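Comments concern the structure below.
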Amino acid sequence: MSRSKLREKVFRLLFRVEFYPKEEFADQEALFFRDEEQEQMTEEESQFVSQTVEDIREKLTDVDAAISEHMKGWNLDRIGKVELTILRLAVYEIRFADEIPVSVSINEAVELAKRYGQDEASAFVNGVLAKFAD
């Protein structure tokens with residue numbers, strides 16, 4: 001499976017963080033992998049998705065602080081859940097996944113926003129993430 005497809009899987013699982021308490025996340029993760037059977041992932045791919053989401057969850061305070069720091073006049077509560085999840089994934093990659101170029105993280109985030117976000121989501125995501133490229 002391509003890195004873009006894996007990133008999309010990470011996004012889809014990470015999106016659940018906003019809706020379920022920490023205690024229920026293991027169950028949600030199991031449901032996610034069961035529901036993803038239409039596009040089978042290898043054990044290695046499933047492990048990658050699971051570990052990446054876990055890493056993001058562990059660093060969520062730092063990731064959210066970095067997002068807040070780069071937004072003027074916005075707070076995280078005002079951002080749509082889809083856009084927030086996309087930003088969290090991209091900022092995690094920018095800050096903690098050194099093997100991924102910043103430009104790739106930004107481009108992939110914009111593509112996710114086009115696919116899953118509202119009409120202006122891709123411009124918003126690009127605008128926020130562009131500040132990380134500086």
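Just so you know, all these numbers are worked out from the coordinates, no wet-lab data involved. Source: prediction; values computed, not measured. We place every Cβ from the backbone using ideal geometry, glycine too, and count neighbours over all the protein chains shown.
Taking the condition of being under 20 Å from Glu108 (Cα atoms), charged (D, E, K, R) and either exposed (fewer than 15 other Cβ atoms within 10 Å of the Cβ) or over 17 Å from the mean Cα position of the chain (by Cα) (or both), how many residues in segment 1-21 meet it? The qualifying residues number 2.
Do we find that Glu24 is exposed (fewer than 13 other Cβ atoms within 10 Å of the Cβ) and in a helix (DSSP H, G or I) in this structure?
Spelling it out, Glu24 is indeed exposed (fewer than 13 other Cβ atoms within 10 Å of the Cβ) and in a helix (DSSP H, G or I).
Within segment 39-50, can one find any residue that is within 15 Å of Lys131 (Cα to Cα) and either in contact with a Lys or Arg (Cβ under 9 Å, 6 or more places away or on another chain) or of a type outside the set (Gly, Ala, Ser) (or both)?
First, pick out the residues of segment 39-50 that are within 15 Å of Lys131 (Cα to Cα): none.
Among the residues of segment 39-50, not one is within 15 Å of Lys131 (Cα to Cα) and either in contact with a Lys or Arg (Cβ under 9 Å, 6 or more places away or on another chain) or of a type outside the set (Gly, Ala, Ser) (or both), which makes the answer no.
Kindly indicate whether Phe32 is surrounded by 10 or more Cβ atoms within 10 Å (Cβ to Cβ) and over 26 Å from Asn126 (Cα atoms). It is true that Phe32 is surrounded by 10 or more Cβ atoms within 10 Å (Cβ to Cβ) and over 26 Å from Asn126 (Cα atoms).
The residue that is surrounded by the fewest Cβ atoms within 10 Å (Cβ to Cβ), counting only those in segment 65-111 that are within 15 Å of Val53 (Cα to Cα) and among the basic types (Lys, Arg), is Arg95.
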